[in-house]
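Have a look at the structure below before the remarks.
The values are calculated or read from the model by the stated rules, or taken from the named source; none is laboratory data. Keep in mind it's a predicted model, so treat the numbers as computed, not measured. A quick note on method: Cβ atoms are made from the backbone with ideal geometry, for glycine too, and the neighbour counts reach across all protein chains shown. Side chains are part of the model used for accessible areas, which takes the heavy atoms of the whole protein and leaves out ligands, DNA and RNA. Shrake-Rupley method; radii C 1.70, N 1.55, O 1.52, S 1.80 Å.
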Amino acid sequence: MTNPVLVEVLRGAIVESAHRGAVAVFDADGKPFLEIGDTSRPVFPRSAVKAIQALPLVESGAADAYGFGNRELALACASHSGEPAHVELARSMLARAGLDKTALECGAHWPSNHQAEIALARAGDLPNALHNNCSGKHSGFLCTCVHSGIAHGGYVRADHALQEMVRDAMQAVTGAAHGANERATDGCSIPTYAVPLRSFALGFARMATGTGFTSLRAGAAKRLLSACTAEPFFVAGTGRADLVLMEAAPGRIFAKGGAEGVHCAAIPELGLGIALKCDDGAGRAAEAIVAAILAKLLHADEVLAAKLIELANAPIESRVGAKVGSLRPTAAFN
């Protein structure tokens, strides 16, 4: 099946580029609310599922043992921009478990926030693992290990007890098998599993409603999504799409992007989970698609829908800031 074009990129009034993809919107009982394109094709969710991967942090009691509030839980679900507040919070999380940056096995990269990158370089410093966009997630992993009495060395390996906990949570929440045949390695060195796109939509509907969960898991899921919507800066960073989407409707929208054009979201008030994949891996298209889907689903709130439509039709600007084009969701959303 060839996926439809979901986003066109205009320069002036002429289509310059186009992005194909698939979208799945499901309720927590497994009923499809909306499907566009091939939602049965396995995809790697990458960072879009960090909130599910953070369930063991709460369920094990580690989050409470170390006094984690909304900011720490949001950072555990984050792909942060490496801004000072992100780095310092990850450092603090590790310190509460008696650890430091040397325990992180995610690797280092420069902050994605340009100002943070410039400040680091100007100071003559090099990035360390705390600057990695996944350092909050990994700090949560390490805190889970220490609290649970699990040796944390090699915690990124598929056969480590921590990753088995994460895999079991992913499998239970999405209802899809996460085995060796589906497994590859993510950019931060942990396992990532390719499963049908629709499984992630179902998973986030369950995360938003607690349907089919034990009371422990339902409480953990609600706590994690609520933390993200309460502190979206710590999920993303200055100007980032997930921050903008969640600030557009405080407490009503959860959104989390991943690499290679994946985005997941949830609308708790509607009990719906959303998952999408842009075929060519373009993040700009995935961000436009998720905004367009949210606008469609939340159309009853005309003010909010208008905000989301504006985000979906993001401008293309020249180097001097003049609007020279835009992204445009296609009729596939009608």
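Please give the helices (runs of 4 or more DSSP H) falling wholly within segment 84-188 in which 3 or more residues are aliphatic (A, V, I, L, M) and open to solvent by less than 60 Å² (accessible area, probe 1.4 Å).
Working: elements: 84-96, 114-122, 135-148, 161-174.
By residue number, 84-96, 114-122, 161-174.
Would you confirm, using the coordinates I've provided, whether residue 81 is small (Gly, Ala, Ser), within 30 Å of residue 213 (Cα to Cα) and in contact (Cβ under 8 Å) with a residue 24 or more places away in the chain?
Against the criterion (small (Gly, Ala, Ser), within 30 Å of residue 213 (Cα to Cα) and in contact (Cβ under 8 Å) with a residue 24 or more places away in the chain), residue 81 does not qualify.
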* Restricting to segment 264-281, what's the tally of residues that are in contact (Cβ under 8 Å) with a residue 60 or more places away in the chain and within 15 Å of the chain's Cα centre (by Cα)? -> 9
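Consider residue 317 carefully, then state whether it is within 21 Å of residue 251 (Cα to Cα) and of a type outside the set (Lys, Arg).
On the way: within 21 Å of residue 251 (Cα to Cα): no; of a type outside the set (Lys, Arg): yes.
Against the criterion (within 21 Å of residue 251 (Cα to Cα) and of a type outside the set (Lys, Arg)), residue 317 does not qualify.
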* **Among the candidates 73, 34, residue that is in contact with a Phe, Trp or Tyr (Cβ under 9 Å, 6 or more places away or on another chain), in contact (Cβ under 8 Å) with a residue 40 or more places away in the chain and open to solvent by 20 Å² or more (accessible area, probe 1.4 Å)** => 34
* **Of residues in segment 322-334 being touching a residue at least 24 places away in the same chain (Cβ under 8 Å) and out of contact with any Ser or Thr (no Cβ under 8 Å at 6 or more places or on another chain), the one most open to solvent (accessible area, probe 1.4 Å)** => 328
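Could you tell me whether any residue of segment 149-167 is polar (S, T, N, Q), at pLDDT 95 or above and within 25 Å of residue 277 (Cα to Cα)?
If we filter segment 149-167 for residues that are polar (S, T, N, Q), which is where we start, we get 163.
If we keep only those that are at pLDDT 95 or above as well, we get 163.
With within 25 Å of residue 277 (Cα to Cα) added as a condition, the list becomes 163.
Yes, that holds for at least one residue.
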* Asked: Does any residue of segment 122-133 turn out to be touching a residue at least 60 places away in the same chain (Cβ under 8 Å) and not aliphatic (A, V, I, L, M)?
  -> yes
* To do: Might you let me know whether segment 45-54 holds any residue that is open to solvent by 60 Å² or more (accessible area, probe 1.4 Å) and either free of Cβ contacts under 8 Å to residues at least 12 places away in the same chain or more than 16 Å from residue 132 (Cα to Cα) (or both)?
  => no
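Could you please find all residues in segment 58-80 being among the small types (Gly, Ala, Ser), assigned to a loop (DSSP other than H, G, I, E, B) and either closer than 13 Å to residue 226 by Cβ or over 15 Å from the mean Cα position of the chain (by Cα) (or both)?
60, 61, 67, 69 - these are the residues of segment 58-80 that are among the small types (Gly, Ala, Ser), assigned to a loop (DSSP other than H, G, I, E, B) and either closer than 13 Å to residue 226 by Cβ or over 15 Å from the mean Cα position of the chain (by Cα) (or both).
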* Which is of a type in the set (Lys, Arg) and more than 26 Å from residue 163 (Cβ to Cβ), of 41, 20? -> 20
* Structure fact -> Expected output for segment 139-167 (first residue farther than 19 Å from residue 185 by Cβ, partner part of a loop (DSSP other than H, G, I, E, B) and open to solvent by 50 Å² or more (accessible area, probe 1.4 Å), Cβ below 7 Å, 6+ apart or cross-chain) is 145/152; 146/98; 146/152
